């Protein structure tokens, strides 16, 4: 399980948690499927590391009142 939290002045404002639900080998590459706490799913290559996984997780958060970029 991985949890990513954004805090301001020590107070959490966003948290996203994911659990690896499936791992598949595609040639030499390992592809993982993660289930998110909001019911969504993301794919992640293990060789990309935890920081890229955390960024993918944070990209699934939709802030209320903030316009999405095109």
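The values are calculated or read from the model by the stated rules, or taken from the named source; none is laboratory data. Values in this document were obtained by computation on a predicted structure and should not be read as measured data. Heads up, the Cβs are rebuilt from the backbone with ideal geometry, glycines too, and the neighbour counts pull from every protein chain shown.
Structure values in brief
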{"quantity": "Meets criteria (in a loop (DSSP other than H, G, I, E, B), on the phi < 0 side of the Ramachandran plot, touching a strand residue (DSSP E or B) at 6+ places or on another chain (Cβ under 9 Å) and surrounded by 13 or more Cβ atoms within 10 Å (Cβ to Cβ)) for residue 60", "calculated": "yes"}
{"quantity": "Enumeration of residues in region 1-12 that are surrounded by 10 or more Cβ atoms within 10 Å (Cβ to Cβ) and more than 16 Å from the chain's Cα centre (by Cα)", "calculated": "7"}
{"quantity": "Evaluation of residue 53 against (1) at pLDDT below 90; (2) within 9 Å of the chain's Cα centre (by Cα) (one fails), failing number", "calculated": "(1)"}
{"quantity": "Candidates 24, 54, 18 - the one that is part of a helix (DSSP H, G or I) and surrounded by 10 or more Cβ atoms within 10 Å (Cβ to Cβ)", "calculated": "54"}
